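Reviewing the structure listed below.
Just so it is clear, none of the values below were taken in a lab; they were calculated from the coordinates. Computed from a prediction, not measured in an experiment: that's the story for all the values here. For neighbour counting, all protein chains shown are included, and Cβ atoms are generated from backbone atoms with ideal geometry for every residue, glycine included.
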C-alpha cells in the first residue's frame, strides 16, 4: 500500500517541469493581479479598487459591456444563420469544409491586421467609403466613426461571427432529421416545428455561445488598441494607459484593479457558459 | 408534395442569400486591402511599391525575422513542455489528467491583458537573466498557445492506444525515453504538425504582449509604420493574413477528412462535458 503510493508520487514527479512552468507564467501573474489590486505601497488597501468607481472608468466599463453585448448579439444571430445554412448542406461536402476552415482562421484574426483591413475599407481613405460617397453622396470619407464605439462594433463582428459558427455547429449537428420528420408526420408546420421543438432545444446552446462571444469581445485588446490611439473608451484601453503612462501618479496599482475587474467579469461569464454547455451536452450525446 | 418542394426552394434561397451576404462581409475588407495597398496616389494605375517594402524596408524586414524566429521558438518550447507531459499523463499519472487539462485550457479564461499586468516581476527577471532581447517573449507565448496546442495533441493521442504501444515496447525492453521518442512521437506526427502550425499562426499575429513590453515584432511594427506609410502597413497586414490563413487551411486539409471535422469543429473554448471520442 505504502509502496504503491510512493510509486504514484514518484511518477507524478514527471509533471513537475510542466506544473512549475505554469505556476511561473500563469498562476503567479493571475495571483499577482489579485494581490496587487488590494495593495498600495506594500500595504493592504482598498484605494485601487475604490479607484474603479471613477466616473471615466465606470463609463468605459459601460462601453465595454455595450460593445461586448452588441457584438455578441450580432455575431450570435448572423453566425447561427450561417451555421444553419452550412448544416443544411451535405455533411461531408466541400462547402462545409470550406466554411469551417475559413471560420477557424477568421475567428483568430483579431488584432492589428484586422484593424488595418477596416481602415483600408471604410476609413477616410478607404476603398468602400470612397465608393459609397461617390455613389450615394454619404460622408464616410470625412467621418471618424470607425475609430469610435460604433466602428469597433463593426470590426469586432468580423471575428465574432466566425467564432459563433465554430461553437454553434456542434449544437446544430445534434438536431436529428428524424425529429423534423416525426413532427411533420404529426401534422406540424415548419413554424410549429421550430416554435415547439427546434428553438427550445437550441436555446441553451445559443445562450451559451452568446456568453462565450461576450467574454471574447470583453477581453479583446489588440484590435481596439490598433484602431484607437488616443483616449480610453473601453476597459482594455484603460489598462493600456494605466500600464504605459506616467500621468496617473499615485495610482500605480490601478492597472491591477482594472485587470482584476476584467478577469472577474470574464470568469463570471465563463462559469455561466460552462453551466449552460453542461445542459446542452446532455442531449448532444 | 408541392408544399415540401416549395419549402425546399425557400431553404435553398435562404442558404444562398446568407452565404452571399456573409461572404461579401468577409471578402470585401480583404479585397479593399489589396486595392488600397496597390493604389497609386500620385498617378493613375497600380503600384506594387508598398509590397516591395516588405523585403526592402530594414525595419519591417527585421521585425518579420524577429516574429518568425519567435514563432519557431514558441512551437519548439510548446512541444518540449507539452508532449512529454501529455504522454506521461496518459501512461503513468492518469489521475492528474483533469488537472493538466484544466491548466492547459485556463489561458482561454484569463485574458492575455491580465497576464501581462501580473507578469511585471517575471518579465523583470527574464530581462535580467536573458538580457534585453525580444526572444524571451517565447516563454510567454508558450502559455498563450497552450489551449490550442493541447487540443490538437489531445486529438492525436486519443486516436492511438498509448498504453498498449508503451506496454509492448516496455515488454521488449525499451526505456521510457525510447517509448516516448521512438514509439509514440512518430505516431502523432499529424497532431504535432497541427499544434506547431497553430502556434506559429498565433505568434505571428500576436500584438498584446509585444506592444506592452515594447518589442518590435511584426504586428507592433505594422501598427507603428502606419503613421509613416499606411499602404506599407496594409500590405504587411494582408501578407501576414495570407500567410497565417495558408498555414491553417493547409493544416485543416492535411489532417484528413474525418479528423479534420474533429479538429476544425472543436470549439475554441473549453466545453467541460465533452462526449467521449469512442461514441462519435
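Descriptive notes on the structure:
- Here r is the Cβ-Cβ distance between residue A:39 and residue A:271 and R0 is 25 Å; the resulting FRET efficiency, rounded to 0.05, is 0.45.
- Residue order for B:101, A:148, fewest other beta carbons within 10 angstrom first, comes to A:148, B:101.
- Prolate/oblate/rounded label for the protein assembly as shown (Cα gyration tensor, a/c 1.5): rounded
- Order of A:164, B:96, B:33 under a 10 Å beta carbon neighbour criterion, fewest first: B:96, B:33, A:164
- Relative contact order for the stretch B:47-202, counting Cα pairs under 8 Å that sit 6 or more residues apart, in percent: 35
- For A:72-82, mean number of other protein chain Cβ atoms within 10 Å: 2
- Within 10 Å of the Cβ of each residue in A:155-162, the mean number of Cβ atoms contributed by other protein chains is 1.
- 222 nm mean residue ellipticity, helices alone, for chain B (DSSP H n ≥ 4; -39,500 (n - 2.57); rounded to 500): -24000 deg cm²/dmol
- For B:136, A:191, order by how many other beta-carbon atoms lie within 10 Å, fewest first: A:191, B:136
- Within the stretch A:95-119, backbone nitrogen closer than 18 Å to the virtual label 7 Å beyond the Cα of residue B:48 toward Cβ: none
- Alpha-carbon Rg with Dmax, taken over chain A, Å: 23.8, 83
- In nm, spacing of pseudo-spin labels at residue A:143 and residue B:243 (7 Å Cα→C-beta vector): 3.5
- Prolate/oblate/rounded call for the stretch B:118-222, Cα gyration tensor, a/c under 1.5 rounded: prolate
- Cα gyration tensor category, rounded, prolate or oblate, for chain B with a/c compared to 1.5: oblate
- Look at the stretch A:170-179: the mean tally of other chain Cβ atoms within 10 Å of its residues' Cβ atoms is 1.
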